[in-house]
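The next block holds one structure in the form of structure tokens; read it before the comments.
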Amino acid sequence: MRERSLRTGEQAAPLSIGKYPTAVERVAALSTPRSDLWVKRDDRTHEVYGGNKVRKLEFLLADALARGVTRVVTVGAAGSHHVLATTYFGTHAGLEVEAVLVPQPRTAHVIDVLRADVAQGLRPFPVTSWGAVPWATMQRIVRGASFIQVGGSSVVGSMGYVSAARELAGQIRDGVLPEPDVCVVALGSGGTAAGLAAGFEVEGLRTRVVGVCVSPPAWALRWRSRWLARACAHRVGARATREAIDARLATDGRFMGGGYGHAIAAGDDATRVADAAAGLILDPTYTAKAFASALWHVRARRGRHILYWHTLSSAPMAPLLEGAPSHGSLAKPLRALAL
């Protein structure tokens with residue numbers, strides 16, 4: 001059933017999609033006497049397709065439905081987890097989902113995500129570069145689609161991670177984990193890091209957020225995420241100053257490598273370590289770079305308690321690939337997205 005239309009300034013109650021609270025685990029094998037490593041398992045937010053996009057989409061899809069929207073369009077790279085999550089959860093909510101897709105380096109995972117997009121009902125619009133995205137997106141909007149920001153990182157979507165920060169604060173109060181000094185998370189479109197920073201500020205935690213940049217320019221990611229954090233804090237009535245948010249949210253650009261989708265040696269090492277020591281599966285685009293930064297924070301003793309927020313779905317891809325076309329049978333413009 002469609003919700004009523006929202007009045008200006010109202011926020012729709014989020015959809016109930018994910019399973020919360022997600023677990024927090026101490027990684028003893030990677031901890032030291034002076035700095036211990038914890039993991040927040042947002043890879044398990046949903047049994048079919050988890051990860052950080054679930055929390056954002058609970059707010060974004062509720063907002064779309066409350067406004068009477070029937071079709072949404074978003075943007076992402078060929079292997080975008082956001083596009084796949086939006087397609088899966090959006091279609092299950094009764095929405096038509098479109099996406100403007102741009103190329104990224106070819107990996108088996110990127111190809112599987114692209115195939116799963118099609119299998120789950122995405123209507124894709126491939127373009128050759130990020131420079132072509134605005135025009136292609138505007139064409140979809142003028143044809144009646146409602147826009148969802150890249151990565152779901154609007155103020156509405158980022159509220160999912162304000163709620164996540166509050167969830168963590170509750171786990172701290174319940175003694176599940178000590179209050180982290182640092183929370184390390186991948187920083188792409190900025191919404192996850194921003195929501196966490198705003199939520200920690202609202203909850204009065206001392207925890208600082210370090211967003212690990214996965215694409216250049218780092219200064220733009222820093223500006224965007226801090227702006228979002230201030231906007232989220234203000235949305236829930238907190239008077240977070242620019243100075244407070246700047247102190248709360250830092251960025252780490254040392255693990256960017258060749259840019260979005262390009263693996264780095266430190267990320268490859270982090271992937272092997274994460275699997276062996278914690279049973280975590282990482283991807284080269286986001287989580288390998290973020291986990292490499294988390295390991296550095298532990299080894300450099302940049303806090304007594306380090307929390308790594310795991311954002312990649314750990315659910316098997318097989319169910320999403322049922323009935324999916326082979327890579328070779330995709331239309332040529334789609335195949336060309338994986339360079």
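Hey, what's the Cα Rg ratio for the chain versus the globular rule of thumb, 2.2 N^0.38 Å? Here the answer is 0.94, to two decimals. About its Cα centre, the range 202-339 has a charge dipole of approximately 700 debye under the convention of +1 per Lys or Arg Cβ and -1 per Asp or Glu Cβ, with nothing else charged. Taking 0.36 nm per residue of sequence separation and removing the Cα-Cα distance, the Arg143/Tyr20 pair yields an extension gain of 40.6 nm. Our summary gives the chain a relative contact order of 23 percent, counting only alpha carbon pairs under 8 angstrom and 6 or more residues apart. Using only side-chain charges placed at the Cβ, +1 for Lys and Arg and -1 for Asp and Glu, the dipole size of the range 54-152 relative to its Cα centre rounds to 120 debye. What the phi angles of the range 161-177 give under the Karplus curve with 6.51, -1.76 and 1.60, with θ = phi - 60°, is a coupling list of 8, 5, 4, 5, 4, 5, 4, 5, 4, x, 5, 5, 4, 7, x, 5, 8 Hz, glycine and proline written as x. Net charge dipole, the range 180-229: roughly 180 debye, given to the nearest 20, about the Cα centre with Cβ charges of +1 for Lys and Arg and -1 for Asp and Glu. Give the residue from Leu187, Ser225, Pro316 lying farthest towards the positive end of the charge dipole for the chain; charges sit on Cβ (+1 for Lys and Arg, -1 for Asp and Glu) and the dipole is referred to the Cα centre. Working it through, the farthest residue towards the positive pole turns out to be Ser225. In this structure, the amide hydrogen of Ser31, modeled 1.01 Å from its nitrogen in the peptide plane, lies closer than 5 angstrom to those of Leu37, counting only residues at least 5 positions away or on a different chain. In this label model, Glu179 and Ser31 are separated by 1.9 nm, measuring between points 7 Å along each Cα→Cβ vector.
With the biggest extent put first, the Cα atoms of the range 54-152 measure 38, 26, 20 Å across the principal axes. Spin-label pair Arg299-Ala336: with each label point 7 Å from Cα along the Cα-Cβ axis, the two points sit 4.2 nm from one another. Database remark: amide H of Ala186 closer than 5 angstrom to the amide H of Val212 (H placed geometrically; neighbours at sequence offset of 5 or more, or on other chains; Pro and chain starts carry no H). Close amide-amide hydrogen proximity is noted between Gln149 and Ser154, each under 5 Å apart and 5 or more residues distant or on a separate chain (H modeled in the peptide plane; Pro and chain starts excluded). Taken one residue at a time, the phi angles of the range 317-324 give Karplus couplings (6.51, -1.76, 1.60, θ = phi - 60°) of 6, 3, x, 6, 9, 5, x, 6 Hz. Gly and Pro are set to x.
Computed from backbone phi, the HN-Hα couplings of the range 272-288 come to 5, 5, 4, 5, 5, 9, 10, x, 9, 9, 10, 10, x, 6, 10, 6, 5 Hz, rounded to whole numbers (Karplus: 6.51 cos²θ - 1.76 cosθ + 1.60, θ = phi - 60°; Gly and Pro given as x). Work out the FRET efficiency for Gln171 and Thr91 from their Cβ-Cβ distance, taking R0 = 25 Å, and round it to the nearest 0.05. That gives a FRET efficiency of 0.20.
Compared with the alpha-carbon gap, the fully stretched path from Ala132 to Ala247 is longer by 37.8 nm at 0.36 nm per residue.
Taking other C-beta atoms within 10 angstrom as a stand-in for reagent exposure, Glu201, Glu25 fall in the order Glu25, Glu201, fewest first. Each Cα pair under 8 Å and six or more residues apart adds its sequence gap; the mean of these over the residue count of the range 54-152 is a relative contact order of 38 percent.
Read-outs throughout are calculated quantities, based only on the coordinates presented, and are distinct from any laboratory measurement. If you're wondering where the values come from, they're calculated on a predicted model, not measured in any experiment. Quick reminder, even Gly has a Cβ in these numbers, built from the backbone with ideal geometry, and neighbours come from all protein chains shown.
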